[in-house]
Amino acid sequence: MISSRKLAAVVAAGLALQPIAASAQQACVSEAEASAIAIYSVPGLAQAVRLRCGDELSPNGYLARRGDGLIGRYAPIQSRVWPSAKEGLLKLLAAKAGASRAAPNLDTFAQLPDNAVRPLVDALIVQEASPRIAAGNCTRLERVIEFVAPIDPEMAGGLLGAIAGLVNHRDFPICQPRRS
């Protein structure tokens, strides 16, 4: 059985679309933005697992039997969560860019129309996640996906955002909740 710590690490790793330099002044992502990123990323992450783990997974396993259905549940929600996911991703990219010359390019990227940016982000999710998946974890990842799959996508996104906040990985910094 997968421990909650390992599950949280898997979730955080899946959410970390690319390495981001740690710095004291790093921007943080709200739990809502992390949830939106999680929801938005599921179709691409499922594709990344299939791509990387194709030979490791059973042809009768969850992704082979129900992966398209899972992707089909999340894909229609992507447009709705995109604005928050984009804000969170821009914060992460800005933190990576820091004070470098990449910051002006980030402004240009932020101004591009969503119909131009989203296909790039979709491809980036698959491209960046695939090589990060250790072949020895393929079966476990498929089990995690199968366990999370029955949960309503928005509830699963909220859960993943909250777990990311608990883990608060330096590559995916979650803002501390404000006390009321």
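The values are calculated or read from the model by the stated rules, or taken from the named source; none is laboratory data. As the structure is a prediction and not an experimental result, all values here were calculated from the model. Here Cβ is always computed from backbone atoms with ideal geometry, including for glycine, and neighbour counts include all displayed protein chains. Just the protein is used for accessible areas: all its heavy atoms, side chains included, with ligands, DNA and RNA removed. Shrake-Rupley method; radii C 1.70, N 1.55, O 1.52, S 1.80 Å.
Out of the stretch 30-57, which residues are open to solvent by 30 Å² or more (accessible area, probe 1.4 Å) and assigned to a helix (DSSP H, G or I)?
The answer is 31, 32, 45, 47, 50, 51, 52.
Provide a single number: the residues in the stretch 159-176 that are open to solvent by 30 Å² or more (accessible area, probe 1.4 Å) and touching a strand residue (DSSP E or B) at 6+ places or on another chain (Cβ under 6 Å).
Qualifying residue count for the region: 1.
Conditions (1) under 16 Å from the mean Cα position of the chain (by Cα); (2) open to solvent by 30 Å² or more (accessible area, probe 1.4 Å); (3) at pLDDT below 90; (4) closer than 15 Å to residue 40 by Cα, marked per residue:
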| position | (1), (2), (3), (4) |
| --- | --- |
| 67 | no, no, no, no |
| 76 | no, yes, no, yes |
| 82 | yes, no, no, yes |
| 97 | no, no, yes, no |
| 120 | yes, yes, no, yes |
| 133 | yes, no, no, no |
| 142 | yes, no, no, no |
| 157 | yes, no, no, yes |
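Under 9 Å between Cβ atoms, at least 6 apart or on separate chains: pull out the pairs that start in the stretch 73-89 with a residue that is free of Cβ contacts under 8 Å to residues at least 60 places away in the same chain and among the small types (Gly, Ala, Ser) and end on any residue that is open to solvent by 30 Å² or more (accessible area, probe 1.4 Å) and not in a helix (DSSP H, G or I).
Sorted first by the residue in the stretch 73-89, then by its partner, the pairs are 84/30; 88/30.
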